[in-house]
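Everything on this sheet refers to the single structure shown next.
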There are 6 protein chains.
Amino acid sequence: MYFISTMILLNNETQLLLQIIQMNGECTVPIVELHVIEGYSPKEKQRLGAALTEAVRFVVPAAAELVTVLIHDLPAQDYYRGGTTRSPAPARSDPAQLVRDFLTAMEARDLARAQSMLGEGFMMAFPGSGPMTSLQELINWAKPRYNHVAKTYQGFEAMQGLGDVAVVYCRGTLSGEWPDGSPFDGIRFIDRFEVMDGRITRQEVWNDIAELKARK
Amino acid sequence: MYFISTMILLNNETQLLLQIIQMNGECTVPIVELHVIEGYSPKEKQRLGAALTEAVRFVVPAAAELVTVLIHDLPAQDYYRGGTTRSPAPARSDPAQLVRDFLTAMEARDLARAQSMLGEGFMMAFPGSGPMTSLQELINWAKPRYNHVAKTYQGFEAMQGLGDVAVVYCRGTLSGEWPDGSPFDGIRFIDRFEVMDGRITRQEVWNDIAELKARK
Amino acid sequence: MYFISTMILLNNETQLLLQIIQMNGECTVPIVELHVIEGYSPKEKQRLGAALTEAVRFVVPAAAELVTVLIHDLPAQDYYRGGTTRSPAPARSDPAQLVRDFLTAMEARDLARAQSMLGEGFMMAFPGSGPMTSLQELINWAKPRYNHVAKTYQGFEAMQGLGDVAVVYCRGTLSGEWPDGSPFDGIRFIDRFEVMDGRITRQEVWNDIAELKARK
Amino acid sequence: MYFISTMILLNNETQLLLQIIQMNGECTVPIVELHVIEGYSPKEKQRLGAALTEAVRFVVPAAAELVTVLIHDLPAQDYYRGGTTRSPAPARSDPAQLVRDFLTAMEARDLARAQSMLGEGFMMAFPGSGPMTSLQELINWAKPRYNHVAKTYQGFEAMQGLGDVAVVYCRGTLSGEWPDGSPFDGIRFIDRFEVMDGRITRQEVWNDIAELKARK
Amino acid sequence: MYFISTMILLNNETQLLLQIIQMNGECTVPIVELHVIEGYSPKEKQRLGAALTEAVRFVVPAAAELVTVLIHDLPAQDYYRGGTTRSPAPARSDPAQLVRDFLTAMEARDLARAQSMLGEGFMMAFPGSGPMTSLQELINWAKPRYNHVAKTYQGFEAMQGLGDVAVVYCRGTLSGEWPDGSPFDGIRFIDRFEVMDGRITRQEVWNDIAELKARK
Amino acid sequence: MYFISTMILLNNETQLLLQIIQMNGECTVPIVELHVIEGYSPKEKQRLGAALTEAVRFVVPAAAELVTVLIHDLPAQDYYRGGTTRSPAPARSDPAQLVRDFLTAMEARDLARAQSMLGEGFMMAFPGSGPMTSLQELINWAKPRYNHVAKTYQGFEAMQGLGDVAVVYCRGTLSGEWPDGSPFDGIRFIDRFEVMDGRITRQEVWNDIAELKARK
């Protein structure tokens, strides 16, 4: 009897999940309600749903499956401040996506495109480079260090930082070719980006290139 | 007339703020309601309030001042799942605080205390060290590199990561003494930690020590 | 003065209702809010509205008129669990309607249609019949008892039972013809049905036929 | 590694539960919020939590475990109708418990106690008895039918009925002694009760006694 | 750097606003949620938003800018009382607008139009006039007092009064011509209107005409 | 049967009320939820409950009895703006009560007490007086007009005005003694007050004294 058996199965699983939940002290189902003015896209709301879920789980040890987020999307005509309606603020773009696009453009040496993603006051720092403010400085800095380099990513992590700045971290390994033409790979790196108003305003890079070079 | 003038002032400021708000397209006051079972401490709720505010601002460009979070703290007797009451899950401890305590213990060379903060399966990686699983390995790795080192912090950043892992980043500069007794400082570093169930399970470190050493 | 008089009337009535309300200790207007993913039909929501109203009144002695139910029907893009959207579960069909249709089909001797409404593991029991699993068994059991029988209904009552089973009761009186051709009517009966996944899985019947037969 | 393994276990189970949930089309976690004036006991709220959960599941096929009920218990000073505060209506007593107590008193032949549980206009009907309004009538009706009888219960089911009436069903089997001193048992019965204002106003009984007697 | 500067500006302003807010003890952002059945026009909801904002500010000293009103506009199919859906009540018309239209019609001596705005039981009182029930009475009363008069408005104020009556006040100054042909102006007046079911049912007028006449 | 009859009565009344409600198109039960930081007194919340009820009824023609206001009183630790907790703003005092106290003090010629209720920038205007800024001016103005005067009140009406100003109207009749010692009474008057930060900042008075005097 299919449905009976799945029902019993469901009950078993539910029991099992509850045991685990008890085991892990996860007895609660946090519920988040967000009230915003209508106008965000499904993709933007998806980002909100995910960010709010992680925010709760940062403090409450609930399995993600058990965190519910309800977005109450109010038509402008149903939202008042100071007794007058408001129009919604356009969503901030996804800073992690911006950083991915920037890194892709840089790897393809598409400097024009990469440049277009930089905000005013852009600053970057690479190992031993000191502060640099233009991509050309970076090209010059890199020339004596390697002929070319490519990144293999282990992970991207993004969060809202102080003020209006979003922070994006990415890390992984570098592979490429030394100035003498010999290859290298598996060199650990990590980048930290600051993004504001949809532009990159800061990039800091750390890696083990010097460590490896010293061993050659 | 004090109160009249402050009223006018208030109106002026309010106008001004609104202009700026319009200028920045920030016309909305997002409201977040969180429903949880009673039992979290004011400090834990403070962390929830801050995390939820940042989660909203990650997508909605509202000034933090304009994001409101309401925590509806339900007595266990007012919360039901499956028609039965539940007890709240104890909050996760603050992972950034755990990392600060760990770094303090390490700097004080209090290995016992530092060890007690590590979770099962702990792994760490330093520039050129490869994976290490014990603090003693780290001590041995560091010995030929410097006599002692101290950290000056520029910033800590923490977020919920994948699964049940919290991620903490801290960055800044190193100062200390080379094996030959000469001092160094201002060397950039960044650490990435993973925390689970209140213990550190992973530490990865990047810095410019090799870069600087190469120049000596 | 029409509107004045109705206003006065309204006030009188309101006063009167309040007096009665006080008299009956009914001073509260319970409010129920239900949050579900968009996708239920007006008829299904009507069933939810009625069921939630009765659930409240089962404990709170409020006149039905004073119980308000608000259904917050969330578009899938506004509902997240585990940070991802969900699609709504199709509603359970109305078990009372299913039972009415089954009884109609049986009375019309439309066994094929009636059979199609039975779920796997179907079991039924009539006075003195012991457990039966097919409609044919029922026909055979009934043959020596009466030539034909019709039901007059006094009431139907349905509720959610244990697990995923819905329970439906109907009661009333039987009329028909004894094997000897003489008529009978006014014989009390009650049926209890169990419904799962839109199929009848159990029918139990009690009536006074034997009581009356004994008197012939 | 205990916590790792339980985490993996949790993930497995969560996956498993989700598969089952998908399999059964149960993708939603309905949330019910009830706003009432403070003053109900934990036990009364427990009854509300259970009744609301069942009401939702009567239409929405969610596993009970996944239905969340939040009771917002408002102090009288925070609840206004017509701009004035209200006091809460005392909860209705549990009608199923009243019926259990009544049946216990009857089985113990404690007529005084049983009588005290009957409301004005009480009516009862047993197989072939016609309407009876006093317990003494019942005693007289039963005398020629059996020397004594005891009930074994298979189940109790209670719900809010029409108007202010609650309905309670109980069913099971009868055992006892025929007038000739021979024993009987396993005789199916079902009772239907109506309860109003904490008193029983109607009892209807069906059973197979006549059916069995006819076979002796 | 445009965005940097505006960010700093925003921060300054936010700081400033907060200081003022603290200075005035306004540390809270009251949030009002209104649940009504769908069907009110944006203009009607605008009136609701403004009225609710003022209602809160009547007690809570929050800058209007900081009072948020959310209107949850429920489709009829999502709103239940007594377990059945309801249709929304048509909104009350704006009583202040009705009064403006009435005063305009009177000033234009369009008595037919003015008359059409009066409800049954209409009563008016002017200085020394005693109760009058028709506009013709008013014309007769005014004849010996002035040849013509026009109103300059300083302000209109409207509120819900007792029962179903709305109250509208308007005040300002009168200008016109005395019976002897000499002009007057700057004479203070105030009118109080009662409105019910979209009609004016009462007008009371006070002014300084007699005061000024006495001085001539 | 008392409870049966009251039940029937209740049903009748409910039917009756509903007919009237339909007759008046009042089919909705608006619900208002207010979220504020804990700290307002029952009396202050009572004022909020009443003001919000009137605000809704200013637009929605619901009988006051059918407007429900829920105040969600959040402990400071459960309310966050900008991710930090806030303390509640002390409530504004009741402006109508302030005005009553002021009028009482004036009638008792307790000028010191009355003066203490005036705010900076206080201005008042009486028929023909022109602007006055001190109570002494008022005394001088009144001397030639009457020996003494007392007020009989028909009604007080208060509302939030523009900016942070509350407005209070009171009206009724004057009785007292003319300079020649002859009595008067039944003279219509109306006062308009502006209140800010708990002090009276403006009083305007209109009455028919000159009208009556002219007739002597």
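The values are calculated or read from the model by the stated rules, or taken from the named source; none is laboratory data. Everything quoted here is computed from the prediction, not taken from an experiment. As a convention, Cβ positions derive from the backbone with ideal geometry for all residues, glycine included, and neighbour counts pool all protein chains shown.
Some notes on this structure:
- Members of segment C:70-80 found to be touching a helix residue (DSSP H, G or I) at 6+ places or on another chain (Cβ under 7 Å) and either facing chain A (nearest Cβ under 7 Å) or more than 18 Å from D:Val29 (Cα to Cα) (or both), listed by number: C:Gln77, C:Asp78, C:Tyr80
- Segment C:142-158 - residue that is assigned to a loop (DSSP other than H, G, I, E, B) and farther than 22 Å from D:Ile187 by Cβ and, of those, farthest from the other protein chains (Cβ to nearest Cβ): C:Asn147
- Exactly one residue out of C:Val56, C:Val29 is free of Cβ contacts under 8 Å to residues at least 60 places away in the same chain, more than 24 Å from the chain's Cα centre (by Cα), outside any strand (DSSP E or B) and within 14 Å of chain E (Cβ to nearest Cβ): that is C:Val29.
- Residue check for A:Glu211: crowded, with 22+ Cβ neighbours inside 10 Å and farther than 21 Å from A:Arg100 by Cβ: yes
- Among the residues of segment A:118-158, the ones that are surrounded by fewer than 17 Cβ atoms within 10 Å (Cβ to Cβ) and small (Gly, Ala, Ser) come to 6 in all.
- Exactly one residue out of D:Phe189, D:Phe184, D:Phe156 is among the aromatic types (Phe, Trp, Tyr) and in contact (Cβ under 8 Å) with a residue 40 or more places away in the chain, and it is D:Phe156.
- Residue match in segment B:51-70 (condition: buried (at least 23 other Cβ atoms within 10 Å of the Cβ), under 22 Å from B:Gln97 (Cβ atoms), touching a strand residue (DSSP E or B) at 6+ places or on another chain (Cβ under 9 Å) and basic (Lys, Arg)): no
- Residue ID - farthest from the chain's Cα centre (by Cα), chosen from residues in segment A:125-141 that are more than 14 Å from chain B (Cβ to nearest Cβ) and either among the polar types (S, T, N, Q) or assigned to a loop (DSSP other than H, G, I, E, B) (or both): A:Asn140
- Restricting B:Arg100, B:Arg92 to those that are within 25 Å of the chain's Cα centre (by Cα), within 14 Å of another protein chain (Cβ to nearest Cβ) and basic (Lys, Arg) reduces the list to B:Arg92.
- One residue stands out among those in segment E:159-186 that are assigned to a strand (DSSP E or B) and aromatic (Phe, Trp, Tyr): the one that is nearest to F:Gln154 (Cα to Cα), which is E:Tyr169.
- All positions within segment C:196-212 that are assigned to a helix (DSSP H, G or I) and either farther than 16 Å from D:Gly130 by Cα or among the β-branched types (Val, Ile, Thr) (or both): C:Ile209
- Residue within segment D:39-51 that is at pLDDT 90 or above, more than 23 Å from the chain's Cα centre (by Cα), among the hydrophobic types (A, V, I, L, M, F, W, C) and over 30 Å from B:Leu118 (Cβ atoms) present: no
- Odd one out for C:Thr201, checked against (1) within 15 Å of the chain's Cα centre (by Cα); (2) away from chain D (no Cβ under 11 Å); (3) touching a residue at least 60 places away in the same chain (Cβ under 8 Å): (1)
- When A:Phe193, A:Phe189 are checked against the criterion of being at pLDDT 95 or above and either part of a loop (DSSP other than H, G, I, E, B) or in contact with a Leu (Cβ under 7 Å, 6 or more places away or on another chain) (or both), A:Phe189 stands alone in meeting it.
- Residue identified as touching a Gly at 6+ places or on another chain (Cβ under 8 Å) and at pLDDT below 95 among A:Gly172, A:Gly155, A:Gly128, A:Gly161: A:Gly155
- D:Ala112 being of a type in the set (Gly, Ala, Ser), in a helix (DSSP H, G or I) and loosely packed, with under 15 Cβ neighbours inside 10 Å: yes
- Every listed requirement among (1) at pLDDT 95 or above; (2) touching a Cys at 6+ places or on another chain (Cβ under 9 Å) is met by D:Pro88 save one, (1).
- Here C:Gly172, C:Gly161 are screened, and the one residue that is closer than 30 Å to C:Arg47 by Cβ, within 8 Å of chain D (Cβ to nearest Cβ), in contact with a strand residue (DSSP E or B) (Cβ under 9 Å, 6 or more places away or on another chain) and surrounded by fewer than 21 Cβ atoms within 10 Å (Cβ to Cβ) is C:Gly161.
- Residue match in segment D:61-68 (condition: within 15 Å of C:Val59 (Cβ to Cβ), away from chain F (no Cβ under 13 Å) and not in a helix (DSSP H, G or I)): no
- The set of residues in segment E:75-88 that are without any contact (Cβ under 8 Å) to a residue 24 or more places away in the chain and assigned to a loop (DSSP other than H, G, I, E, B) comprises E:Gly82, E:Gly83.
- Every residue from segment E:40-50 that is buried (at least 22 other Cβ atoms within 10 Å of the Cβ) and within 8 Å of chain A (Cβ to nearest Cβ): E:Lys45, E:Gly49
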